[in-house]
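The next block holds one structure in the form of structure tokens; read it before the comments.
Nothing in this text is a laboratory measurement; each read-out follows from the coordinates by a stated rule. The structure displayed is predicted, hence computed values, not measured ones. Neighbour counts run over all protein chains shown; Cβ positions are idealised from the backbone, glycine included.
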Amino acid sequence: MTATGRADLLERVRDRLATTTADPEPGVIADAIRAESGGLLGDTDLLDVLRYLQTEMVGAGRLEGLLADPDVSDVLVVGPDKVWADRGDGLELTGVRFDDEAAVRRLAGRLALGAGRRLDDAQPWVDGQLSGVGRRDAVVRLHAVIPPLAVDGTCISLRVLHNAAQTFDTLVRSGAVPGEAAELLREAVRARLAFLIIGGTGTGKTTLLNALLGQVDPTERVVTVEDASELAPRHPHVVRLVARNANVEGIGDVPVRDLVRQALRMRPDRIVVGEVRGAEVIDLLIALNTGHDGCAGTLHANSTSEVPARMEALAALGGMDRAALHSQLAAAIQLVLGLGRDRDGHRGLTEIGVLTRSDDGLIRIETAWSRRSGFTDVRARIDALVADRTPA
């Protein structure tokens, strides 16, 4: 059967299945194929068409194999001919291809529906979460944009959220966290030092945060706040709050900033913000300055030195000026953990910084450890903070 014939048959089968309440199981699809083909297909052709339609109608279609790979963390689609995957060593172009742009757009639309969202000309992008695709025990974060906004064809970005499987010991054994820095981080968590984890896209910020939260004393209550559910630390007492987007009528949204305020009323020992993206930075800093030691969060920044400027920009969204931000920051955060990729694309901890307040009242980040040169004299300041906060 030609590609055109398959596409026509797909549309007819899709229309027929839309009138039924049955799940698109192989038997149901096969019956629909027989009905729409008029019984003219032999067993071999029927099986061939069934396999084709299953990839077009069920799960993530041609991307299922990539999402099922335990090493894959991201799958990125740009039009029908470019499908990239990240297996931990950087993005690689895969051999997966789609028949045409229409096939990519159909998949994007189906995934959007699976996430409870819409994707059409009136709403040309979607952001949501999927379950039941790829590895059945994993959640996949979906983002998609369709033409004409996406000039080169429909873009689909899928991130597999399986970071909780990476314990801190696992990260140490893999080299993502060098052994010489590992014990310092364990001591910092036990001493309830507050920290930010920073890095670029896909450097493993959430993975490290999950792992470090797994080191928190099991008697402590951890409340996490996120705009998309990613954190799932191996800890016995975690309360997870997730922001909600507005519905199609533009109402019902619950932003991260509101959830941070709610977290303060939930008797937390530690408050964790999955990623600080906007004005919620103000509420997080206020929380950290009201007796909640050991709080944490992640921040998108390419180096530890960028953190003060990045925080200034976010605080400005909430109306906090530069001087106030630096004053709050100085009292709220002790450490900044920088993540990055090496030349081979491997992700891991690259730097540990300590916040220092200059004579002009502004914050700067001093390096206590770097993967390239090891510990500096600033390490002594971390040791002093740990000793001061550790019970005798």
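Remarks
- 5 angstrom amide H check on GLY338, placed H, neighbours 5+ away: ILE198, THR350, GLU351, ILE352, GLY353
- Fraction of beta bridges assigned by DSSP in segment 133-277 that are antiparallel (%, nearest 5): 45 percent
- The overall shape of segment 340-392, judged from the alpha-carbon gyration tensor, is oblate: a/c is not under 1.5, and a/b is no greater than b/c.
- For VAL239, the residues 5 or more places off, or on other chains, whose built amide H falls under 5 Å of its own are VAL222, VAL223, THR224.
- Peptides 65-74, 93-102 ranked from most to least packed by the mean count of surrounding Cβ atoms within 10 Å: 65-74, 93-102.
- Relative contact order (%) - segment 189-274, alpha-carbon pairs under 8 angstrom, separation at least six: 29 percent
- Segment VAL254-VAL78, extension gain: residue separation times 0.36 nm, minus the distance between their alpha carbons: 60.2 nm
- Using the Cβ-Cβ distance between SER303 and TRP125 with R0 set to 30 Å, the FRET efficiency works out to roughly 0.55.
- The length gained by stretching the chain between ASP99 and PHE375 to full extension, at 0.36 nm per residue less their Cα-Cα distance, is 94.0 nm.
- Surrounding net charge for ARG261, when Lys and Arg each add one and Asp and Glu each subtract one, Cβ distance under 11 Å: -1
- Loop-located trypsin sites (Lys or Arg not before Pro) in segment 287-392 (DSSP state not H, G, I, E or B) with no more than 10 neighbouring Cβ atoms inside 10 Å: ARG343, ARG372.
- Separation of the ARG357 and SER229 label points, Cα + 7 Å toward Cβ, nm: 4.0 nm
- Ascending count of other beta-carbon atoms within 10 Å, so fewest first, for CYS155, CYS295: CYS155, CYS295
- Relative contact order of segment 64-162, pairs being alpha-carbon contacts under 8 Å that are 6 or more residues apart, as %: 29 percent
- Once the Cβ-Cβ distance of ARG364 and ASP8 is raised to the sixth power relative to R0 = 41 Å, the FRET efficiency obtained is 0.05.
- Beta bridges by DSSP in segment 168-388, antiparallel share as percent, to the nearest 5: 45 percent
- Global form of segment 64-162, assessed from the alpha-carbon gyration tensor, a/c cut-off 1.5: oblate
- Value of Rg to Rh for segment 223-345 (Rh from inverse mean 1/r over Cα pairs, i.e. Kirkwood): 0.98
- In angstrom, the C-alpha Rg and Dmax of segment 156-221 are 12.6, 42.
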